[in-house]
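Note sheet for the following structure.
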Amino acid sequence: MAADARPASVSRPDGDATRPDRVLVVEDDPHIGDVLARYLAHEGVEVEVVRDGLDGLGRALEWLPDLVVLDLMLPRMDGFEVFRRLRAVAPIPVIMLTARGDEADRVTGLEMGADDYVAKPFSAREVTARIRSVLRRGRTPAVGLPSVAAARLTTDRLDVDVVGREARLDGEVLALTARELDLLIHLMSHPGVAFDRTQLLEAVWGWTVGDTATVTVHVGRLRAKVEADPSAPEHLRTVRGVGYRWDP
């Protein structure tokens, strides 16, 4: 899928490391959009709000924000289509906004490669924190790395440059999202250690509370990219009754 065909990146879409963070909010509810804009502006973020999907896609491709907050139910073009078209041409992080309890939409968004999701109704402070987390993780190595000595991780056919944030399989660059790369680095940094989903949610996503289905979906996506046979993984193993571990 075109939406997945890009490696995780440490640079801004336009290459300018000196300007404030840019966030585009694509949300048709004026109250939600305005509240998020105020919170983000207070944090020093340059923010724009667009009310429909088609205009949101156009503005994202023109402005190249550092992150897009994307509602799924939008006029003229729904959020899933906006996401597909955006990710086909630009590796911009996306946080999806979904209706409370709409698990199918959340799982679909994660499987497509969304960096995060937030269910409505939500706290603007929480969304702002999630935005900061995604932006930070897109530019820095995963948490929990023991030392600079672990700046390169290798297993069999897989080679991961932690500092350069690039993974290669048989010498070919893998198209991993930032979260997938963080998950891979965390597991490879602790070979043979079994982590439950809650531990991975905290270590990789920085969440102490959240839907552990997020971890399950990302493990499935990662297996499809790094395992010769994802249905019988050699390295990213399921530990029954616990969670997952990396076997070198």
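Any read-out appearing in this document is the output of simple, stated calculations on the displayed coordinates, not a laboratory observation. Please read these numbers as outputs of a predicted model, since none were measured by experiment. Glycine also receives a Cβ, built like all others from the backbone with ideal geometry; neighbour counts cover every protein chain displayed.
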Quick calc: nm separation of the 7 Å Cα→Cβ label points for D55 and D196 -> 4.7
Stretched fully, the stretch from E103 through W63 gains (0.36 nm per residue minus C-alpha distance, one decimal, in nm) 11.3 nm
Label-zone membership for segment 176-202, site L169, 7 angstrom Cα→C-beta point, backbone N under 18 Å: 176-189
